[in-house]
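Nothing in this text is a laboratory measurement; each read-out follows from the coordinates by a stated rule. Predicted model, so just to flag it, every value in this text is computed and none were measured. No Cβ is skipped: glycine too gets one built from the backbone with ideal geometry, and neighbour counts run over all protein chains shown.
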């Protein structure tokens, strides 16, 4: 992954941003293997969807989730997948295509109910 250190991207609230598979980070950002893995997961998402459709979907999902309680960014399905698996540095070798898809319907804090067998 190409890493570009600069003074402009991303905004001050974020450590890094992945634009078309290139990681932009501020000059003082500590780039860790976990951060690189997180951004590589986003690159895999972009490649399976197509870069433009990925960014359109990301923006639409964010706009839908902004009016709901909590931080919309953390509820975007692409971010859920990346945060969930960022510490598994081998994740991309066994990642299923469109692994983010079921995560868009999941509510924060909600768990699947277990069916009682009677």
*asked:* Can you tell me the orientation of helix 33-49 relative to the chain, as the angle in degrees between its alpha-carbon axis and the longest Cα principal axis, to the nearest 10?
replied: 70 degrees
*Could you check the simple spin-label distance between residue 101 and residue 60, using points 7 Å along Cα→Cβ, in nm with one decimal?*
1.5 nm
*Please find, in a Gaussian network model of the chain (springs between Cα atoms separated by less than 10 Å), the residue of 21, 11, 50 whose mean-square fluctuation is greatest.*
11
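If you rank 42, 85, 94 by fewest surrounding Cβ atoms within 10 Å, what's the result?
Working: 42 21, 85 18, 94 9.
Ranking 42, 85, 94 by Cβ neighbours within 10 Å, fewest first, gives 94, 85, 42.
Å³ per residue of the Cα convex hull, for the chain? Don't jump to the answer; show the numbers that get you there.
Working: hull volume 16.3 nm³, N = 118.
Considering the Cα atoms of the chain, their hull volume per residue is 139 Å³.
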*Multiply the residue gap between residue 87 and residue 3 by 0.36 nm, knock off their C-alpha separation, and tell me the result in nm, one decimal place.*
28.3 nm
*Helix 51-65 versus the longest principal axis of the chain: what is the Cα-based angle in degrees, 0 to 90, to the nearest 10?*
60 degrees
